[in-house]
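Scroll down for the structure; my scribbles are underneath it.
The values are calculated or read from the model by the stated rules, or taken from the named source; none is laboratory data. Every value quoted in this text rests on a predicted model; they were computed, and no experiment measured them. All Cβ positions, glycine included, derive from the backbone under ideal geometry; neighbour counts span all protein chains shown.
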Amino acid sequence: MKMKAAVLREFQTALVIEELEIPRLRCGQVLVKVFFSGICGAQLNHIAGVKTKKEFLPFLLGHEGSGEVVEIGDGVKSVRVDDKVVMHWRKGKGIESDFPKYLRGDGSTVGAGLITTFNEFAVVSENRVTTIPGNIPYNIAPLLGCSVTTGLGLINNEAKLKIGQSITVIGVGGVGLNIIQGAAMVSANPIIAVDRSIERLELAKKLGATHTINSLKVNEWGADVFKLPTLTDVCVDTTGIVELIRIAYNATKPGGKTIMVGQSRIDEFILLDSSHAFNDKVLMDCNGGLTIPEVDIARYLNLYLQGKLNLDDLISVKYTLEQINEALDAVRDLKFPGKCLVEMNHD
């Protein structure tokens, strides 16, 4: 059985649509017919060569998607054929399988991780898929693969934000918007959104931000941005830009938390001001909100179905798989405020 997939052949180049042979399933693997995939900063980092070794090329990308189970391998118990599923990068229930390899027509192979979503069909590890109710739209489900679960999980499990505590979020893209929404749900105050996109800041305000600051309109904004208030209990950076991480740390209250969601380059270093380094602050990375997929996805979708979690406004634009490079460029250039989805065209 063959499928179309977007393949990364070389770093810092466009993805190439190829026709690949789907491998036979091994123990713990699930074959998913993919309907929608999200695009996350992690994929941009892979393409840029920020976090991945060249020896792994060529390979497939994507870590948040929706689909339908077509076939299951030996040992798989948590999902069944015809189940509607969310595909997620956080480890969930079930077997962690081997990495699949897809076959080209010339006999060479294309590698893949335990989950990929920039392809019409995906061989996924059992612990990277979670069954969801049939009344959840396929275009909503990918948001639960990364951005929603990371954002809400960060608030609950990593920041452990309490009622009335303050938070600043630098970079309000897919994850940042859900951090804002999660902060509003626990009655944080104030909730400060910082970004260079006016459209993103407007959406952040709709989702619960009490203050918005356009970083492009403030001279030396790192010094001026945090006047409302001067410092916050939690400051989150989603950009991975080391200078902004330093600013976030400086803007965190003594005893507060600075949380890094964005991935900085492996060849860059974060320099912290010594005047801010000895006052009980915690500098920590985000680990996907410590999400437990088989528990948290159901909880969040229940909130969505009850109208208490806004997911529809997070979706800004859709592209086809054949338009994947156009979609990636649009994400890089901040051409829309929310999430970009890639839709597979199954005849």
*For segment 215-224, indicate whether the set of residues that are touching a Ser or Thr at 6+ places or on another chain (Cβ under 7 Å), within 24 Å of residue 338 (Cβ to Cβ) and modelled with pLDDT under 80 is non-empty.*
yes
*asked:* Looking at (1) basic (Lys, Arg); (2) farther than 24 Å from residue 44 by Cα; (3) modelled with pLDDT of 95 or more, which one does residue 318 not meet, given that it meets all the others?
replied: (2)
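I'd like the full set of residues that are in a loop (DSSP other than H, G, I, E, B) and among the aliphatic types (A, V, I, L, M), limited to segment 124-176.
If the condition is that a residue be in a loop (DSSP other than H, G, I, E, B) and among the aliphatic types (A, V, I, L, M), then 132, 136, 140, 161, 163, 172 are the ones that fit.
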_Just to be sure before I move on: is residue 201 surrounded by fewer than 23 Cβ atoms within 10 Å (Cβ to Cβ) and either of a type outside the set (Ser, Thr, Tyr) or closer than 28 Å to residue 322 by Cα (or both) in the structure I sent?_
yes
*For segment 99-115, name all the residues that are closer than 13 Å to residue 23 by Cα and out of contact with any Leu (no Cβ under 9 Å at 6 or more places or on another chain).*
101, 107, 108
_Extreme residue, surrounded by the most Cβ atoms within 10 Å (Cβ to Cβ), among residues of segment 240-254 that are in contact (Cβ under 8 Å) with a residue 40 or more places away in the chain and part of a loop (DSSP other than H, G, I, E, B)_ = 251
*Counting just the residues of segment 302-332 that are among the aliphatic types (A, V, I, L, M) and farther than 27 Å from residue 60 by Cβ, which one comes out surrounded by the fewest Cβ atoms within 10 Å (Cβ to Cβ)?*
305
*Name every residue in segment 230-259 that is of a type in the set (Val, Ile, Thr) and closer than 21 Å to residue 164 by Cβ, in order of residue number.*
230, 232, 234, 236, 252, 258, 259
_Among the residues of segment 188-201, are any among the aliphatic types (A, V, I, L, M), under 20 Å from residue 248 (Cα atoms) and assigned to a helix (DSSP H, G or I)?_
yes
*Which numbered condition trips up residue 267, out of (1) at pLDDT below 90; (2) in a strand (DSSP E or B)?*
(2)
*segment 79-96, residues that are over 14 Å from residue 62 (Cα atoms) and either modelled with pLDDT under 95 or within 22 Å of the chain's Cα centre (by Cα) (or both)*: 84, 85, 91, 92, 93, 94, 96
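Condition first: polar (S, T, N, Q) and under 25 Å from residue 332 (Cβ atoms). Now tell me which residues in segment 26-69 satisfy that. Break it down stepwise before answering.
Here is the first cut: in segment 26-69, the ones polar (S, T, N, Q) are 29, 37, 43, 45, 52, 66.
Across segment 26-69, the qualifying residues are 37, 43, 45, 52, 66.
Taking only segment 276-304 into account, find how many residues are assigned to a loop (DSSP other than H, G, I, E, B) and under 13 Å from residue 148 (Cα atoms).
If we filter segment 276-304 for residues that are assigned to a loop (DSSP other than H, G, I, E, B), which is where we start, we get 277-281, 286-287, 291-292.
Subset that is under 13 Å from residue 148 (Cα atoms): 291-292.
Within segment 276-304, residues that are assigned to a loop (DSSP other than H, G, I, E, B) and under 13 Å from residue 148 (Cα atoms) number 2.
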*Here are 285, 273, 329: which of them is touching a strand residue (DSSP E or B) at 6+ places or on another chain (Cβ under 7 Å), acidic (Asp, Glu) and over 17 Å from residue 35 (Cα atoms)?*
285
*Have a look at 318, 257 and point out the one that is assigned to a strand (DSSP E or B), under 19 Å from the mean Cα position of the chain (by Cα) and either under 15 Å from residue 150 (Cβ atoms) or in contact (Cβ under 8 Å) with a residue 40 or more places away in the chain (or both).*
318
_If I filter segment 108-123 down to residues being assigned to a strand (DSSP E or B) and of a type in the set (Gly, Ala, Ser), which single residue comes out as nearest to residue 58 (Cα to Cα)?_
111
*Is it the case that residue 76 is under 22 Å from the mean Cα position of the chain (by Cα) and at pLDDT 95 or above?*
no
_strands (runs of 3 or more DSSP E) lying entirely in segment 1-95 (those with 2 or more residues that are touching a residue at least 60 places away in the same chain (Cβ under 8 Å))_ = 2-8, 16-21, 29-38, 65-72
